[in-house]
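A quick write-up on the structure given underneath.
The values are calculated or read from the model by the stated rules, or taken from the named source; none is laboratory data. What you are looking at is a predicted structure, and each value in this text was computed from that prediction instead of being measured. Here the Cβ is made from the backbone with ideal geometry for all residues, glycine too, and neighbour counts use every protein chain on show.
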């Protein structure tokens, strides 16, 4: 009898945890820092290139300097709620190398593989980076994401510049 009673208590708990897992839209584990230039255009007869291709991601521009990120984890639910934990988002070049440059960041989810792209953002004022580059975002995306996000890109962006500093690595289901 005690065994049946325990089973009756455990079944709703298992069903509830299964329902919570079902409302996950996409997850990200790991991050990639930005390299602002994706390539140089060769100039005939020159040893350097004055023309470069900036590293735009789905229409979002890069900043002027490279950034690194130590770790990134993000969960996006079907209702648009998002939780992001970032570690070590810091400048990787220039005079401010190794600093957070006084930046605040927000997150953008883009689900479309081809233009036109819809930017689903957390609060644009962002959250301040800690001196060591750590940050947490607990917010909701606006507009809400679609029911299916077949080609997810998560960008961590500067609140001041709107440029992207880091991208999340999609976690396979």
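Points to keep in mind about this one:
- Single condition residue 73 does not satisfy, out of (1) in a loop (DSSP other than H, G, I, E, B); (2) modelled with pLDDT of 95 or more: (1)
- Looking across the range 40-61, the residues that are surrounded by 10 or more Cβ atoms within 10 Å (Cβ to Cβ) and farther than 28 Å from residue 155 by Cβ come down to 42, 43.
- Residue identified as assigned to a loop (DSSP other than H, G, I, E, B), in contact (Cβ under 8 Å) with a residue 40 or more places away in the chain and either surrounded by 20 or more Cβ atoms within 10 Å (Cβ to Cβ) or over 12 Å from the mean Cα position of the chain (by Cα) (or both) among 147, 113: 147
- If the condition is being within 19 Å of residue 108 (Cα to Cα) and assigned to a strand (DSSP E or B), then the range 26-53 contributes 26, 27, 28, 29, 30, 31, 32, 33.
- The range 119-138, residues that are more than 11 Å from residue 109 (Cβ to Cβ), outside any loop (DSSP other than H, G, I, E, B) and within 14 Å of the chain's Cα centre (by Cα): 127, 135, 136, 137, 138
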